[in-house]
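The values are calculated or read from the model by the stated rules, or taken from the named source; none is laboratory data. Being a predicted model, the structure only gives us computed values, none of them experimental. Positions of Cβ are backbone-derived with ideal geometry, glycine not excepted, and every protein chain shown enters the neighbour counts.
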Amino acid sequence: MSPVGTRLRPVSRLKPATMMRVSGRLLIRGGRVVDPRHGRDEVLDILIADERVRRVAKMIPPPKRATVVDARGLIVTPGLIDLHVHLREPGQEEKETIATGTVAAALGGFTSVVCMANTIPPLDNVSEIQFVQMKARTEGRVRVYPVGAISRNLAGQELAEIGAMRRAGCVAISDDGQPVKSAMLFRRALEYAKNFHLVVIDHCEEPELARDGVMNEGRLATILGLKGIPRQAEYIMVARDIALAELTRGRVHLAHLSTKESVEFVRQAKARGVQVTAETCPHYFCLTEEAVTQYNTLAKMNPPLRTAADVEAIKQGISDGTLDVIASDHAPHTASEKAREFDLAPFGIIGLETTLPLVITHLIDPGLLSWSEAVRRLSEAPARLLELPGGHLGVGAPGDVTVIDPRVRHTVTGFVSKSRNSPFLGWTLKGKARMTIVAGDIVMDRGRVV
């Protein structure tokens, strides 16, 4: 296999978000192009110029003053889009920043990230949305799309400035990190969001049932002496959100689903024509609650890891399309926080750098997903859901491309993220991003972020 390489011109420093600088042209030669929106899965060349895809064909002659990327033996896809990321800025820069989080995204093959609103202060007004956009333009390495809060200060009492935030550039609304407890407020959010063509993303958890819980409720929680979170806490809210979406004809997206009942509720709702989409994360198809044995806080997350039966249901939901999106739910925490007692340690793991290899290892290689369907979950569906640029490689599409080595084996030993809170440390995985290209600029090449 020929390694990815570049020649003829140096790579310019990328300015992210909507202010990309591109010089010259980029020709990606001989890769297996997987583009589900256009039904492509064949060896082709891709020419990018002026930040956009200009031609997709066999044996494109190299233009003058072009950078040529040799992608023979590799997979070439639309740039991956992570629909669910916590960049922690503003307010918790000791955990992650827009600069460090987008470097991790580039290394993981993501050309775009959608960042959640539960920062300090939260993204519940125009000035905070604009702050994220400004930091992304000046310090980010990939595109950053902010999500606005549903409620002011994430308090669940009154709606945030949804219309103003939409005009400022937010791409969805969510109080992720906590549920919207009030069914009436959630109904109003769905109704109001329709006026602005926004999706409402919900963290599905009934707060009274989940109160003080730290892991999945069941036999193992009893053995460990830890308070459990019953599975019903998730799927009761899934059912409520679906019912309200059906009532309002609004668009709801259900975040990080973990139980077999949740998957079935979504499956039935889609059959009825409800405007519901859903995501899951690699930890919910790779791990069970057994990972918290010996009080391993690196496996403490919310919703918690569930049972083997739930893992199989999540895999089936991904395979049959019930679950539309695979997202990382990248949630960085400091080592000192995760070193606390299990009850006191925060929920969450990082995932930008491990999502793609886990999908390859646990879904593509076993035959649960084709490459085309995997790319749909990781790129095309997120772009379509939030009406983002990209997600495909048609002529005129943004020049966002991920080049993947599907066969390389590697052991997870470290991260470029500021935080290291991952239960996958020490795992040997197959496949990883070899090159990440945003608007025609190479921002990551063979593990080096430019």
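Quick test for you: out of ILE229, ILE201, pick the one residue that is under 29 Å from VAL171 (Cα atoms), hydrophobic (A, V, I, L, M, F, W, C) and surrounded by 16 or more Cβ atoms within 10 Å (Cβ to Cβ).
Residue meeting the stated conditions: ILE201.
Here is a yes/no grid of residues against (1) in contact (Cβ under 8 Å) with a residue 12 or more places away in the chain; (2) under 21 Å from the mean Cα position of the chain (by Cα); (3) surrounded by fewer than 23 Cβ atoms within 10 Å (Cβ to Cβ):
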| site | (1), (2), (3) |
| --- | --- |
| THR77 | yes, yes, no |
| HIS86 | yes, yes, no |
| PRO90 | yes, yes, yes |
| ARG137 | yes, yes, yes |
| PRO146 | yes, yes, no |
| ALA160 | yes, no, no |
| VAL171 | yes, yes, yes |
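Return the only residue of ARG377, ARG420, ARG434, ARG409 being of a type in the set (Lys, Arg), without any contact (Cβ under 8 Å) to a residue 60 or more places away in the chain and not assigned by TED's automatic domain parsing to the domain that holds TYR284.
The unique qualifying residue is ARG409.
If you check TYR235, TYR284, which single one turns out to be assigned by TED's automatic domain parsing to the domain that holds LEU356, closer than 25 Å to HIS333 by Cα, touching a residue at least 12 places away in the same chain (Cβ under 8 Å) and among the aromatic types (Phe, Trp, Tyr)?
Testing whether each residue is assigned by TED's automatic domain parsing to the domain that holds LEU356, closer than 25 Å to HIS333 by Cα, touching a residue at least 12 places away in the same chain (Cβ under 8 Å) and among the aromatic types (Phe, Trp, Tyr) leaves just TYR284.
Closer than 17 Å to ASN421 by Cβ and among the acidic types (Asp, Glu): is that true of GLU337 in this structure?
Considered against the rule, which asks whether it is closer than 17 Å to ASN421 by Cβ and among the acidic types (Asp, Glu), GLU337 comes out as yes.
Yes/no matrix, rows are residues, columns are (1) more than 28 Å from PRO146 (Cβ to Cβ); (2) out of contact with any Leu (no Cβ under 9 Å at 6 or more places or on another chain); (3) outside any helix (DSSP H, G or I); (4) not assigned by TED's automatic domain parsing to the domain that holds LYS432:
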site	(1), (2), (3), (4)
ALA309	yes, yes, no, yes
LYS315	yes, no, no, yes
ASP343	yes, no, yes, yes
GLY351	no, no, yes, yes
VAL359	no, no, no, yes
LEU369	yes, no, yes, yes
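Quick one: in the stretch 255-287, of everything that is polar (S, T, N, Q) and in a helix (DSSP H, G or I), which residue is nearest to LEU368 (Cα to Cα)? Show your work before the answer.
Of the stretch 255-287, the ones polar (S, T, N, Q) are 258-259, 262, 268, 275, 277, 280.
Add one more test, that the residue is in a helix (DSSP H, G or I), and what stays is 262, 268.
On the way: SER262: 20, GLN268: 21 Å.
By that ranking, first place goes to SER262.
Can you tell which of GLY225, GLY156, GLY218, GLY177 is modelled with pLDDT of 95 or more and under 25 Å from VAL85 (Cβ atoms)?
Being modelled with pLDDT of 95 or more and under 25 Å from VAL85 (Cβ atoms) holds for just one of GLY225, GLY156, GLY218, GLY177, which is GLY156.
Given the options GLY414, GLY426, GLY396, name the one that is surrounded by fewer than 20 Cβ atoms within 10 Å (Cβ to Cβ), modelled with pLDDT under 95 and small (Gly, Ala, Ser).
Testing whether each residue is surrounded by fewer than 20 Cβ atoms within 10 Å (Cβ to Cβ), modelled with pLDDT under 95 and small (Gly, Ala, Ser) leaves just GLY414.
Exactly one condition in (1) surrounded by fewer than 23 Cβ atoms within 10 Å (Cβ to Cβ); (2) in contact (Cβ under 8 Å) with a residue 12 or more places away in the chain; (3) not aromatic (Phe, Trp, Tyr) is false for VAL142; which is it?
Among (1) surrounded by fewer than 23 Cβ atoms within 10 Å (Cβ to Cβ); (2) in contact (Cβ under 8 Å) with a residue 12 or more places away in the chain; (3) not aromatic (Phe, Trp, Tyr), the lone unmet condition for VAL142 is (1).
When you look at THR119, is it more than 21 Å from GLN178 (Cα to Cα) and not in a helix (DSSP H, G or I), yes or no?
Answer is no for this residue.
Under 6 Å between Cβ atoms, which residue pairs at least 6 apart in sequence (or on different chains) link something in the stretch 187-207 that is farther than 19 Å from PRO303 by Cα with a partner that is of a type in the set (Ser, Thr, Tyr) and part of a loop (DSSP other than H, G, I, E, B)?
The qualifying pairs do not exist here.
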